[in-house]
Ligand SMILES: Nc1ncnc2c1ncn2[C@@H]1O[C@H](COP(=O)(O)OP(=O)(O)OP(=O)(O)O)[C@@H](O)[C@H]1O
Ligand SMILES: [Mg+2]
């Protein structure tokens with residue numbers, strides 16, 4: 001802005017200086033001319049007076065010219081004009097500055113020649129007699145102008161006139177300089193007056209351009225500048241409003257996007273990622289910040305997904321497909337792609353919405369597997385019962401001992417069938433959370449000893465050393481007594497089933513930071529490491545043949561896990577194959 005005021009000043013001052021110089025030169029020239037013409041007319045008048053004085057006397061008749069010399073001397077002022085009397089032939093008769101006898105013939109002098117031909121003459125030139133530049137004015141002598149007897153010439157030192165002209169010029173320049181000085185001051189004041197509001201408006205406009213929408217012009221200016229200031233203020237206010245609305249919308253959008261479970265990616269025309277929400281990181285393993293601005297291919301997205309995006313760009317069609325991703329974890333994503341179009345119908349970008357349907361697919365798979373597993377598990381005892389019943393009907397029942405043996409097998413198999421169906425029903429009830437927990441406070445150590453009692457027969461038959469917590473120890477716990485009995489019976493029963501004879505099983509219960517940790521440890525056959533993650537699955541058994549022989553259904557740990565979780569607890573297993581296993585249940589002390 002300073003540059004604008006500077007420029008304005010330079011323009012005003014330059015124009016003023018040019019005008020003043022031109023006016024000064026014109027006036028000076030005019031004054032020059034006027035002064036010289038005044039001087040020359042004054043000299044002409046004087047020469048006419050001298051000429052009249054000579055004509056009226058008879059001084060010319062004096063052969064010595066002394067009288068003429070005396071007369072002209074009377075007219076000449078000391079230090080003033082020089083008077084010279086010359087004959088028509090150019091002979092100098094008298095002169096107030098030099099001796100006429102020593103002076104050369106003056107017939108060739110321009111002013112004299114002019115006067116002789118026209119009555120008067122004028123010239124400015126260098127005087128050989130005086131050795132300086134002079135102004136000469138000449139006037140004829142004699143009554144008959146057509147036949148003059150001589151010429152009266154009056155001259156003045158040009159330097160004297162020049163001095164006057166110079167002092168006139170100095171005065172003129174001083175006047176002009178004063179005017180210019182005043183112009184400079186006025187120019188500074190005026191330009192400041194003009195540029196100050198513009199400066200402020202520019203500053204505010206600049207601030208608005210730098211997103212400071214709250215800044216306003218505070219000057220009070222009239223006319224166009226005032227209108228401009230008002231317009232800028234109006235523009236700033238409306239921009240501020242619009243920006244606030246945009247910010248609010250952005251916040252709403254960000255809030256929605258951020259809290260969405262589905263992953264969203266927006267890809268622009270340049271195939272670069274313009275927007276991504278936080279859920280994307282879970283699906284694709286890259287955070288929004290890592291993805292933003294990158295090409296969708298180089299952003300490490302799934303190859304199939306990238307291909308779908310490209311297809312959506314080329315066809316402009318909506319696409320829905322299931323995509324399998326393996327990083328950061330294996331997932332099945334329901335992928336929806338939709339183009340967003342420009343006014344002219346061109347594809348401007350693509351919106352990708354990802355839903356994780358792994359759980360749905362897993363459930364579907366589990367359901368079909370469950371049906372297959374249940375049928376398979378039911379088939380074995382049913383086939384067995386059917387087989388033995390058929391054999392009996394075919395005549396084996398006649399043999400009393402065979403009849404008894406077969407009936408015992410049928411009873412055992414139907415019992416297994418009964419347990420299996422009960423377990424399945426139990427599990428489905430627990431899974432659907434249809435089993436309400438009857439929570440009471442009880443002593444966990446007492447429960448362990450009751451379970452020990454119940455399993456005593458199996459313990460004795462396998463000669464197992466079952467070490468239970470000290471009966472004097474009291475561990476208060478809030479939970480469903482019967483359901484927790486089911487949990488620990490299952491765990492201790494498993495330990496008994498999968499520990500060879502004369503093995504040791506130890507149950508330890510301890511209280512830690514408001515939680516109770518119960519460990520069931522055995523030195524039995526253990527579980528191979530690769531199977532550890534699966535033993536809590538329904539129907540999962542490490543050694544299917546042996547487990548089935550021992551009457552196992554593979555549902556026990558599944559039920560245990562669900563019951564522990566419905567008590568807001570969790571269960572872990574550690575095991576070394578051939579050395580033993582440790583099942584650790586952690587339960588909160590109270591359920592509230
Ligand atoms: N303490 C243990 N030591 C070694 N293997 C075990 C132990 N506990 C469980 N397992 C393994 O985990 C599998 C699943 O156990 P789970 O209790 O669910 O089924 P199960 O004992 O076979 O049948 P049931 O449903 O009658 O309990 C077992 O088949 C067994 O292979
Ligand atoms: Mg079991």
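Summary table
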| quantity | calculated |
| --- | --- |
| Answer residue from region 532-549, given it is assigned to a helix (DSSP H, G or I) and farther than 15 Å from residue 369 by Cα and is modelled with the highest pLDDT among those | 532 |
| Test: residue 552 is assigned to a loop (DSSP other than H, G, I, E, B) and within 13 Å of ligand 2 (Cβ to nearest atom) | yes |
| Residue within region 302-316 that is assigned to a loop (DSSP other than H, G, I, E, B), within 11 Å of residue 350 (Cα to Cα) and without any contact (Cβ under 8 Å) to a residue 40 or more places away in the chain present | yes |
| In region 272-301, the residues that are more than 26 Å from residue 361 (Cβ to Cβ) and part of a helix (DSSP H, G or I) | 288, 289, 290 |
| Selection from region 1-35 of residues that are free of Cβ contacts under 8 Å to residues at least 40 places away in the same chain and farther than 23 Å from residue 188 by Cα | 25, 26, 29, 30, 33, 34 |
| Matching residues in region 365-413 - criterion: being more than 29 Å from residue 554 (Cβ to Cβ) and assigned to a helix (DSSP H, G or I) | 392, 393, 396, 397, 398, 400, 401, 402, 403, 404 |
| Qualifying positions in region 371-397 - crowded, with 17+ Cβ neighbours inside 10 Å and out of contact with any helix residue (DSSP H, G or I) (no Cβ under 8 Å at 6 or more places or on another chain) | 373 |
| Filter result (outside any helix (DSSP H, G or I), in contact with a helix residue (DSSP H, G or I) (Cβ under 6 Å, 6 or more places away or on another chain) and either more than 10 Å from ligand 2 (Cβ to nearest atom) or more than 13 Å from residue 494 (Cβ to Cβ) (or both)) within region 555-572 | 571 |
| Where a residue in region 556-567 is more than 17 Å from residue 432 (Cβ to Cβ) and its partner, wherever it lies, is near ligand 2 (Cβ under 10 Å from one of its atoms) and not in a helix (DSSP H, G or I), with Cβ under 6 Å and at least six apart | 557/535 |
| Members of region 489-515 found to be touching a residue at least 60 places away in the same chain (Cβ under 8 Å), surrounded by 20 or more Cβ atoms within 10 Å (Cβ to Cβ) and away from ligand 1 (no atom under 11 Å from the Cβ), listed by number | 509 |
| Residue count for region 367-401, restricted to those that are over 20 Å from residue 413 (Cα atoms) and touching a residue at least 12 places away in the same chain (Cβ under 8 Å) | 1 |
| Meets criteria (in contact with a strand residue (DSSP E or B) (Cβ under 7 Å, 6 or more places away or on another chain) and away from ligand 1 (no atom under 13 Å from the Cβ)) for residue 569 | yes |
| Number of the condition not met by residue 341 [criteria: (1) free of Cβ contacts under 8 Å to residues at least 40 places away in the same chain; (2) surrounded by 16 or more Cβ atoms within 10 Å (Cβ to Cβ); (3) closer than 30 Å to residue 257 by Cβ] | (2) |
| Flag if residue 437 is in a loop (DSSP other than H, G, I, E, B), closer than 16 Å to residue 569 by Cα and touching a strand residue (DSSP E or B) at 6+ places or on another chain (Cβ under 6 Å) | yes |
| Among (1) closer than 21 Å to residue 257 by Cα; (2) surrounded by fewer than 16 Cβ atoms within 10 Å (Cβ to Cβ); (3) touching a strand residue (DSSP E or B) at 6+ places or on another chain (Cβ under 6 Å), the one test that residue 287 misses | (3) |
| Which numbered condition residue 535 misses (of (1) within 12 Å of ligand 2 (Cβ to nearest atom); (2) surrounded by 20 or more Cβ atoms within 10 Å (Cβ to Cβ); (3) closer than 18 Å to residue 579 by Cβ; (4) in contact (Cβ under 8 Å) with a residue 40 or more places away in the chain) | (4) |
| Output for region 229-266, where each listed residue is touching a helix residue (DSSP H, G or I) at 6+ places or on another chain (Cβ under 6 Å) and assigned to a helix (DSSP H, G or I) | 229, 232, 236 |
| Of all residues making up region 92-101, the number that are out of contact with any helix residue (DSSP H, G or I) (no Cβ under 7 Å at 6 or more places or on another chain) and either closer than 19 Å to residue 157 by Cβ or surrounded by fewer than 16 Cβ atoms within 10 Å (Cβ to Cβ) (or both) | 5 |
| So residue 172, is it over 30 Å from residue 108 (Cβ atoms) and crowded, with 16+ Cβ neighbours inside 10 Å | yes |
| Counted residues, region 415-441 - those being closer than 13 Å to residue 567 by Cβ and at pLDDT 90 or above | 3 |
| Counted residues, region 506-526 - those being closer than 15 Å to residue 576 by Cα and more than 12 Å from ligand 2 (Cβ to nearest atom) | 6 |
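Residue-wise test of (1) touching a residue at least 24 places away in the same chain (Cβ under 8 Å); (2) in contact with a strand residue (DSSP E or B) (Cβ under 9 Å, 6 or more places away or on another chain).
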{"residue": "54", "(1), (2)": "yes, yes"}
{"residue": "60", "(1), (2)": "yes, yes"}
{"residue": "71", "(1), (2)": "no, yes"}
{"residue": "77", "(1), (2)": "no, no"}
{"residue": "83", "(1), (2)": "yes, yes"}
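The values are calculated or read from the model by the stated rules, or taken from the named source; none is laboratory data. Treat the numbers as computed from the prediction; the structure is a model and nothing was measured. Virtual Cβ from ideal backbone geometry, glycine too; neighbours counted across all protein chains shown.
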